[in-house]
Amino acid sequence: MLTHGDYTIGWVCALPKEQIAAMTMLDEIHPDLPKHQNDHNNYILGSIGSHNVVIACLPLGKIGTNPAATVATRMMSTFPAIKVGLVVGIGGGIPSSDVRLGDVVVGTPDGIYPGVVQWDSGKAESEGFERTGALNNPPTVLLTAATRLYTKHETQGSKIPQYLDDLKRNWPKLASRYSWSAKFTDPLAPDGQPRKPEDLRVHYGLIASGNQVIKDENFRDRLNQQLGGRLLCVEMEAAGLMNDFPCLVIRGMCDYADSKKNNEWQEHAAAVAAAYARELLETLQPSDVIRERFMEDILNQIGESASKIEATMDREQNSKSLNWLTSVDYSPQYNNFLARVQSGTGQWRTRPEHDEIRSLLRLVAKHHAKVFIVVDALDELQVSDGSLAIFLDDLFSLQQMNNVFLFATSRNKPSMTKMFDNGLRLEIRARKEDVEKYLDNQMEKLLPPWAQGNQDIGNLIRNKIVESTQGMFLLAQLHLNALVGKTTLKGIKTYLNSLPTGSGPQVYQNVYDDAMRRISDQPSERQRLAVEILSWLTLARRPMTTTEIRLFLAVEHNQTQIDPDNLPVSDDMVAVCAGLVTIDAESDTIRLVHYTAQEYFETRLDLIATAEAYITKVCLTYLSLDIFDDEFWEESESELKSWWWQKYGGRDKCKDFEDDLTQTKNGLKPAGKVMEAYEYASKFWGHHAHRAGEVDQDVVLFLKKESKVRAVWRMLPNQALYPAALLFGQDHVGIRAAAYFGLDGALSLLLRDLSNSGTPAIGRVTALIWATQNGHHKAALVLIENGADVNAKDSSGKPVLACAVQGGHVEAIMLLLNNGADVDGETPAGRTPLTFAVEQNDQEVAQVLLDHGAKLNYSDKGGRYPIYWTDNRDMVHFLLKKGACPVAVFESGSRNVCEEWGI
């Protein structure tokens, strides 16, 4: 699979319609990758030619220079290998320059101006408006590619009409909006007849960018005059990007920035701009991109840029206020005061984002002989999106600067210590006096009344536990908890005399065995609650909040509502688990008391034998609650059926339900958690069902609830791989979901019922893709036996085998090949499954394909051989030994892999 470091081209759009247009131009659409916790961008990943591309879009309703800068900054943080960028979308044309609707404008330097000028950044002068500050020129590598493309257009013509035809053919549901129409009108064209795509023109020159929409022809013309008549286009995002996001701005003309502004041309203009961007990237030499600096290096200047943005916002607001109060110009006094303000003072406090921390640390490290970084309580960063590993990778990369020293503290968890294999480690144990103080404090709270205040009993407990635990607070806590239920002095002495010495695995196992005995001695209701809590904490696929666990524990089988009176109390949840569970009140997180407890239950699943089946039933019941009925999704139906639907779109609709849950004094604080619990159940119910193994009738019944399963399906990862027509057509989403999770037993029953009812075999291609890509070969076999075509293709034209190769599961790949899958089945760009194996540097899968006759030197439509797709020396050697041709010849040049790798 591709990683964040494989994407080198960043593509920014302001509007969803621009991102849709960009997506249609991709040769391949890639699966989603994890994002930073604070990265709220919407990404589409894919490739054009040899370039891996990240397409980011501004949040809905956010336009202008500052939101664009935020999107680009977050994108560069999440995808640190990005080297150059494109800003692609719609703009308003300047008619005096012969720019017409449907044309393309590319921002390139013109005389004293760079490719983009910010028209609303400046000061009033008697002669007019003088712009202050300066923006960077577009990257030279992109200007070179644009020059090459200009020459090609002049001599051979443009491929833009061809790409627009491809859009109509490959995305038929979009064709009516994004294609040229004879109904289009252009008030400045002869007889009102606009230019057709084959007649469109690409203009190179100056673009003006600002934070306001221009829809006044007089203002537009004055602005053009102030810029020497050089202006071609106006727009609203590029100025916020040019200094910190090396990019080329590409705009399709949708209006003339006048009072007649309308939306008629917007989608088609977005498609035309995206088509030009695709042709540019196909012209861009990969070797030129490799030589560019990483944008991560440019991010070192982000602090200064952020200050400029804040200062600009302050100046704008102050100017508006002053103009409202009086027409007198107070700017001299204001600038005088501003000049004397201590930089950075008087601002609100914010929680720094990951990229800001990284940039600041790197900047500090460059300016000091020695830098010591201390990270406290690293284990408390409980996230499931991979941001912990990214954060540590950043810190480790800083250490390579030679002057950076890292000190981290954490509980002694194997997952943490493994990350520091190459470092020095010191285990810190408590002093005897510290353990004694802890015990004295806790004995007053935990011991039965008859034992409290008894000095002899206290001394006995203190001495025995201190001797046994050897400075391990956890063991002291667990041993003391074991005394809570003792009813006699003999019971206390018997337990204390049985305590082992040390802190080895057997000691922990004995303690946990004793805790489980105490749990089993409780009344049946408390015993059941403890087992359910321990089941969730042991088997949950991500860290759980206390509120989520309480909601799930309150679920009653076959009930369609949650009774607030059935919500367990947090203190009881801790008490019934005999000291094995702890709650962090600040983060509302509930967890097992120690990683050794997790290991204990993972090796003693017999203690929670039916846990996976229990969790599956709870998840399915939760997903079937009345609150999540069809009406719940009704207002968001259009979003639900579209690929950019936000998975937390139902939070507001849960508010009344959450208010009902808090009517009783149960201490529940569910704000937002009802939907988070829905998200967990949607994503992971199938994983729990798969591990439960048995075919449960509740699972089959749920999979037959089309509307419920469709809503759940949108919460799963990577659903943006397929357009809405495929996701929400008339196929059987239950079959797809069963295949996705590998529920082969349920899948067989569903297919049998469909066959008995005479329903046609719809949706099995998509199901086969998910089964093989996720490595569920048994489910894939069930589908093949029921007629699924192993040589079918997904909506983008990618064969099932290529999708399975991307999953990397050899057994599933072998199943397809042994059942007749074409080992050289092509995508529309001519890529074969072998190219995907090579791209992922998966030698095992590549060997399987070669053993089944895959062509090693088969070129795609761009002339690229499989060896072209790797960036790994070992894979290069592997392919060369197999007889790969080291030279790839394609339209824009040739590439010798051996020369590049020095082989």
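The table below lists the values:
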| read-out | value |
| --- | --- |
| Hits in segment 484-513 - residues which are surrounded by fewer than 15 Cβ atoms within 10 Å (Cβ to Cβ), small (Gly, Ala, Ser) and assigned to a loop (DSSP other than H, G, I, E, B) | Gly485, Ser498, Gly502, Gly504 |
| Where Trp536 falls short, out of the listed (1) touching a residue at least 24 places away in the same chain (Cβ under 8 Å); (2) surrounded by fewer than 16 Cβ atoms within 10 Å (Cβ to Cβ) | (2) |
| Which listed residue is without any contact (Cβ under 8 Å) to a residue 60 or more places away in the chain, among the acidic types (Asp, Glu) and in contact with a helix residue (DSSP H, G or I) (Cβ under 7 Å, 6 or more places away or on another chain), from Glu237, Glu217, Glu198 | Glu198 |
| Thr501, sole failed condition from (1) of a type in the set (Ser, Thr, Tyr); (2) touching a Leu at 6+ places or on another chain (Cβ under 8 Å); (3) within 20 Å of Lys432 (Cβ to Cβ) | (2) |
| Among (1) more than 30 Å from Ala389 (Cα to Cα); (2) within 45 Å of the chain's Cα centre (by Cα); (3) part of a loop (DSSP other than H, G, I, E, B), the one test that Leu424 misses | (1) |
| Residue list for segment 790-810, filter: within 20 Å of Lys855 (Cα to Cα), of a type outside the set (A, V, I, L, M) and part of a loop (DSSP other than H, G, I, E, B) | Asn791, Gly797, Lys798, Gly808 |
| Single condition Asn481 does not satisfy, out of (1) part of a helix (DSSP H, G or I); (2) in contact with a Pro (Cβ under 8 Å, 6 or more places away or on another chain) | (2) |
| Any hit, segment 444-457, residues being within 47 Å of the chain's Cα centre (by Cα) and at pLDDT below 80 | yes |
| Criterion: surrounded by 22 or more Cβ atoms within 10 Å (Cβ to Cβ), assigned by TED's automatic domain parsing to the domain that holds Ala271 and at pLDDT 85 or above - qualifying residue of Gly115, Gly85 | Gly85 |
| Candidates Ile784, Ile813 - the one that is outside any loop (DSSP other than H, G, I, E, B) and either within 25 Å of the chain's Cα centre (by Cα) or without any contact (Cβ under 8 Å) to a residue 40 or more places away in the chain (or both) | Ile784 |
| Condition broken by Leu529, with the remaining ones in (1) among the hydrophobic types (A, V, I, L, M, F, W, C); (2) in contact with an Asp or Glu (Cβ under 8 Å, 6 or more places away or on another chain); (3) outside any helix (DSSP H, G or I) satisfied | (3) |
| Extreme residue, nearest to the chain's Cα centre (by Cα), among residues of segment 3-62 that are closer than 23 Å to Asp393 by Cα and of a type in the set (Ser, Thr, Tyr) | Tyr43 |
| Number of positions in segment 854-884 that are of a type outside the set (A, V, I, L, M), over 14 Å from Gly830 (Cα atoms) and at pLDDT 85 or above | 6 |
| Filter result (loosely packed, with under 13 Cβ neighbours inside 10 Å and in a loop (DSSP other than H, G, I, E, B)) within segment 446-478 | Pro449, Trp450, Gly453 |
| Qualifying residue in segment 427-434 (condition: part of a loop (DSSP other than H, G, I, E, B), free of Cβ contacts under 8 Å to residues at least 60 places away in the same chain, surrounded by fewer than 16 Cβ atoms within 10 Å (Cβ to Cβ) and aliphatic (A, V, I, L, M)) | yes |
| Failed item, numbered, when Lys778 is tested on (1) charged (D, E, K, R); (2) closer than 27 Å to Thr870 by Cα; (3) free of Cβ contacts under 8 Å to residues at least 40 places away in the same chain | (2) |
| Enumeration of residues in segment 792-806 that are more than 15 Å from Leu834 (Cβ to Cβ) and either touching a Gly at 6+ places or on another chain (Cβ under 6 Å) or in contact (Cβ under 8 Å) with a residue 40 or more places away in the chain (or both) | Asp794, Ser795, Ser796, Gly797 |
| Residues satisfying the stated conditions in segment 596-612, i.e. surrounded by fewer than 19 Cβ atoms within 10 Å (Cβ to Cβ) and either among the acidic types (Asp, Glu) or out of contact with any Phe, Trp or Tyr (no Cβ under 7 Å at 6 or more places or on another chain) (or both) | Gln598, Glu599, Glu602, Thr603, Arg604, Leu605, Asp606, Ala609, Thr610 |
| Selection count, segment 1-34, where residues are closer than 22 Å to Leu164 by Cα and part of a helix (DSSP H, G or I) | 9 |
| Options Ile562, Ile615, Ile549: the member that is in contact (Cβ under 8 Å) with a residue 12 or more places away in the chain, crowded, with 19+ Cβ neighbours inside 10 Å and not in a helix (DSSP H, G or I) | Ile562 |
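Yes/no per residue for (1) of a type in the set (Gly, Ala, Ser); (2) at pLDDT below 90; (3) part of a helix (DSSP H, G or I); (4) out of contact with any helix residue (DSSP H, G or I) (no Cβ under 6 Å at 6 or more places or on another chain):
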| position | (1), (2), (3), (4) |
| --- | --- |
| Val105 | no, no, no, yes |
| Arg148 | no, no, yes, no |
| Asp165 | no, no, yes, yes |
| Lys168 | no, no, yes, no |
| Leu188 | no, yes, no, no |
| Val213 | no, yes, no, yes |
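Rundown of residues vs (1) surrounded by 15 or more Cβ atoms within 10 Å (Cβ to Cβ); (2) at pLDDT 80 or above; (3) touching a Ser or Thr at 6+ places or on another chain (Cβ under 9 Å), yes/no style:
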site	(1), (2), (3)
Glu353	yes, no, yes
Arg358	yes, no, yes
Lys366	no, no, no
Val371	yes, yes, no
Val375	no, yes, yes
Glu380	no, no, yes
Ser384	no, no, no
Ile390	yes, no, yes
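The values are calculated or read from the model by the stated rules, or taken from the named source; none is laboratory data. Bear in mind the structure is a predicted one, so any value in this text is a computation, not a measurement. Positions of Cβ are backbone-derived with ideal geometry, glycine not excepted, and every protein chain shown enters the neighbour counts.
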